[in-house]
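Student: To start, I am sharing the structure in question, which I have written as structure tokens.
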């Protein structure tokens, strides 16, 4: 495909099935999921041998949600997300999107207004005044040394 004067090889993002497990969708919709940050947001992953990133956001009143970012020239027409009606979660796996790339969610709200929003579950973001989120992995767990544990005990 040629886009903005550049030739791009693309993989169909809509050939992948649902990304969020039924139990996660149920717990998220009732508000009792203990670790929603592991499900919502952007997570680098490999599906059916294809490397990319799974995106998901809770926006139950939106008419449309798209992922926009460096991987699609910030064009909301390129990656509209699929709605999981039972939970109000929009999701999409984008092949080729990788750690370090910037992204946002483009939402068409219930009143027909187009809004571009940062990911509330992003693990990294641009420094203000910029507001884009950045694809990155979960932070590693930090272990405390004995000295630090003693210092924290007062």
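Student: Can you confirm whether residue 106 is without any contact (Cβ under 8 Å) to a residue 60 or more places away in the chain, outside any strand (DSSP E or B) and either loosely packed, with under 13 Cβ neighbours inside 10 Å or under 17 Å from the mean Cα position of the chain (by Cα) (or both)?
Tutor: no
Student: Look through 42, 97 and report the one residue that is assigned to a loop (DSSP other than H, G, I, E, B), buried (at least 22 other Cβ atoms within 10 Å of the Cβ) and in contact with a strand residue (DSSP E or B) (Cβ under 9 Å, 6 or more places away or on another chain).
Tutor: Selected residue: 97, the only one of 42, 97 that is assigned to a loop (DSSP other than H, G, I, E, B), buried (at least 22 other Cβ atoms within 10 Å of the Cβ) and in contact with a strand residue (DSSP E or B) (Cβ under 9 Å, 6 or more places away or on another chain).
Student: Residue under question is residue 70, and the condition is that it be over 23 Å from residue 30 (Cα atoms) and free of Cβ contacts under 8 Å to residues at least 24 places away in the same chain; does it hold?
Tutor: no
Student: Would you please list the contacts, defined by Cβ atoms under 7 Å and residues six or more apart or on different chains, that run from a residue in the range 5-28 that is under 17 Å from residue 66 (Cα atoms) to a residue that is at pLDDT 90 or above and surrounded by fewer than 14 Cβ atoms within 10 Å (Cβ to Cβ)?
Tutor: Qualifying pairs under 7 Å: 16/48.
Student: If you scan the range 49-61, which residues turn out to be surrounded by 10 or more Cβ atoms within 10 Å (Cβ to Cβ) and either closer than 16 Å to residue 98 by Cα or without any contact (Cβ under 8 Å) to a residue 24 or more places away in the chain (or both)?
Tutor: Residues satisfying the conditions are 50, 51, 52, 53, 54, 55, 56.
Student: Failed condition for residue 70, given (1) surrounded by fewer than 20 Cβ atoms within 10 Å (Cβ to Cβ); (2) under 27 Å from residue 140 (Cβ atoms); (3) out of contact with any strand residue (DSSP E or B) (no Cβ under 6 Å at 6 or more places or on another chain); (4) modelled with pLDDT of 95 or more, with all others met?
Tutor: Evaluating residue 70 over (1) surrounded by fewer than 20 Cβ atoms within 10 Å (Cβ to Cβ); (2) under 27 Å from residue 140 (Cβ atoms); (3) out of contact with any strand residue (DSSP E or B) (no Cβ under 6 Å at 6 or more places or on another chain); (4) modelled with pLDDT of 95 or more leaves (3) as the failure.
Student: What number of residues in the range 73-94 are in contact (Cβ under 8 Å) with a residue 40 or more places away in the chain, surrounded by 15 or more Cβ atoms within 10 Å (Cβ to Cβ) and either out of contact with any strand residue (DSSP E or B) (no Cβ under 8 Å at 6 or more places or on another chain) or part of a strand (DSSP E or B) (or both)?
Tutor: 7
Student: Now for a separate question. Does residue 34 fit the bill of being part of a loop (DSSP other than H, G, I, E, B), in contact with a helix residue (DSSP H, G or I) (Cβ under 9 Å, 6 or more places away or on another chain) and closer than 25 Å to residue 137 by Cβ?
Tutor: yes
The values are calculated or read from the model by the stated rules, or taken from the named source; none is laboratory data. Computed from a predicted model, the values in this text were never measured in an experiment. A quick note on method: Cβ atoms are made from the backbone with ideal geometry, for glycine too, and the neighbour counts reach across all protein chains shown.
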